[in-house]
Amino acid sequence: MRATTTFLALLLALTATSCLDAPAQTNPDAGGPGADGAAGDAAGGPIPPERGLLIVTTAAVASGSQQLAKFAAAKRQRGMRVTVATEADYGGADERGVARAERIRTWLRSHYYDYGFLLLVGDPSTQYGDVPMLKVRPRDDLQNACGGIDCETSGTDAFYANPNGRWDLDGNGWYGEYGVDDGPGGLDLWPELTVGRIPVYFGDTAELDRTLEHLMAYTNAAPEQIEYRRRILFAKSFVFFKGEVFFPLTPPIGESVDTAVTSEWFIRNYLPAERGVGYTRLYERSGHVTSEFASEGALTEEGFIDEWQHGYGMVWWGGHGAPTSVARTVWSADPNGNDAADDGELESPTLIKTEDAARLDGTPGGFVVATSCYVGRIEVPNALSYTLLRYGAAVGVIASSAPASADEGAFARMGTSLDRSRFDVDRLAVMVFDGLLHGEPAGTLVTRARIELGPTNDIDSYQQKLMLNFYGDPTATLYDSAADAR
Ligand SMILES: [Ca+2]
Ligand SMILES: [Ca+2]
Ligand SMILES: [Ca+2]
């Protein structure tokens, strides 16, 4: 289904226009922590210093899970203060969806001060979930730009990261509207909490327990077995080719875009040999136009999964995405010799799909960044972001719940420093992978990136901050091991 998976590039094209058109924005909270009146913000800067982990779940999960209490105990052994909260604490036992989300957040408002981390464990459905994501509509200016498919709304957990402020400030039923709901007393994107999420579908706590067992296995790894984590696997596809037409009404693409440019830029700037970080690159080697960059292997689904099974602490892929699969884009040939990727000349072989996650069962866990649309649409029960957690291939996944935009042009010149003026998945990946190597928790790095990247919250950064979420254990670091337990 090629047509549904091309928005990554489409929004790239839109970005330039919408940036220019964006109204000047003064976020009332942009001045720094404490500006929204929260005493808990003031003490230690934007990243809360507390080693507190608040787990918000449901009574059914808390009583049905055999592993949640063990997971909490393992964190306490590592010096964290852990609290598990259910309806008995936040109330609203019969509520679901938005009402439940509001209920939980209202409770958080008077409890978050004691915690740096929030782990959400429950059904993420924005409409029916018991620990729901919030559906937001940051913008209403895209209309049919995505071929008639909604690319204006997304699910977000940023709602819980920021317990203060009304996110439907004008009360029209749409949350998170740019330039409307972000006025004084409304939405801000300066996080008070670092949030992660582990979904539970259909009340299946046995499945949750398997996910938690994988997370604990990662945390309890023997110190001599974590050397693999300082290795990165890059699996980077082209996302579009010169002359390609996405939709009849959009102009042809001017230049081919290979997402390998971002990993090459990262390697050049952040992985000098003396840092001792290993990596494997899988780039496009098939078709009429192939990657200009050298790679250790060819980009195929088999090659990607086989290589991942060797164990990597970090995995970064790029390609057009759907909730349960990611595709390469291959310009198979140019038989009419017009140097344009005409419709019949393009193929979309699978790069990775949900079923592949089971093949990674037993592979030691790592952190994944998906430069793809929709992989984080975790309302879909078999979303790839979830199945990678479920089978232990990932302890943390950063992915988008909506059509993500990318800005490969910002990485085209090797040797430049990171352009922090915007927030998007690739800039986030750079900060997260670098910070992980320094030993910081993945969740904390996402929180920091939300503050340091795109600080003026231009409309594109604003939208990306809402659609990109962290799935998994927000406290996990690259070097967690059994040696940390006391
Ligand atoms: Ca509104
Ligand atoms: Ca805030
Ligand atoms: Ca052609």
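Structure values in brief
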quantity: Subset of segment 300-321 [of a type in the set (Gly, Ala, Ser) and not in a loop (DSSP other than H, G, I, E, B)]; calculated: 303, 318, 321
quantity: Any hit, segment 154-163, residues being more than 16 Å from ligand 2 (Cβ to nearest atom), within 18 Å of the chain's Cα centre (by Cα) and either surrounded by 24 or more Cβ atoms within 10 Å (Cβ to Cβ) or at pLDDT below 95 (or both); calculated: yes
quantity: Odd one out for residue 166 among (1) assigned to a loop (DSSP other than H, G, I, E, B); (2) buried (at least 23 other Cβ atoms within 10 Å of the Cβ); (3) within 14 Å of ligand 2 (Cβ to nearest atom); calculated: (2)
quantity: Meets criteria (farther than 23 Å from residue 374 by Cα and touching a residue at least 12 places away in the same chain (Cβ under 8 Å)) for residue 189; calculated: no
quantity: Which numbered condition residue 102 misses (of (1) without any contact (Cβ under 8 Å) to a residue 12 or more places away in the chain; (2) more than 29 Å from residue 442 (Cβ to Cβ)); calculated: (2)
quantity: Tally of residues being farther than 18 Å from residue 191 by Cβ, in a helix (DSSP H, G or I) and among the hydrophobic types (A, V, I, L, M, F, W, C) across segment 431-486; calculated: 6
quantity: Test: residue in segment 69-83 that is hydroxyl-bearing (Ser, Thr, Tyr), in a loop (DSSP other than H, G, I, E, B) and touching a strand residue (DSSP E or B) at 6+ places or on another chain (Cβ under 8 Å); calculated: no
quantity: Candidates 121, 136, 180, 131 - the one that is away from ligand 3 (no atom under 16 Å from the Cβ), of a type outside the set (Gly, Ala, Ser) and under 21 Å from residue 373 (Cβ atoms); calculated: 136
quantity: Failed criterion for residue 412 (all others in (1) surrounded by 20 or more Cβ atoms within 10 Å (Cβ to Cβ); (2) of a type outside the set (D, E, K, R); (3) more than 21 Å from residue 200 (Cα to Cα) hold); calculated: (1)
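Results for (1) of a type in the set (Ser, Thr, Tyr); (2) within 22 Å of residue 333 (Cβ to Cβ); (3) in a strand (DSSP E or B), shown as yes or no for each residue.
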residue: 262; (1), (2), (3): yes, no, no
residue: 266; (1), (2), (3): no, no, no
residue: 269; (1), (2), (3): no, no, no
residue: 274; (1), (2), (3): no, no, no
residue: 281; (1), (2), (3): no, no, yes
residue: 287; (1), (2), (3): no, yes, no
residue: 291; (1), (2), (3): yes, yes, no
residue: 294; (1), (2), (3): no, no, no
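The values are calculated or read from the model by the stated rules, or taken from the named source; none is laboratory data. What you see is a predicted model; the values in this text were computed from it and never measured. Glycine also receives a Cβ, built like all others from the backbone with ideal geometry; neighbour counts cover every protein chain displayed.
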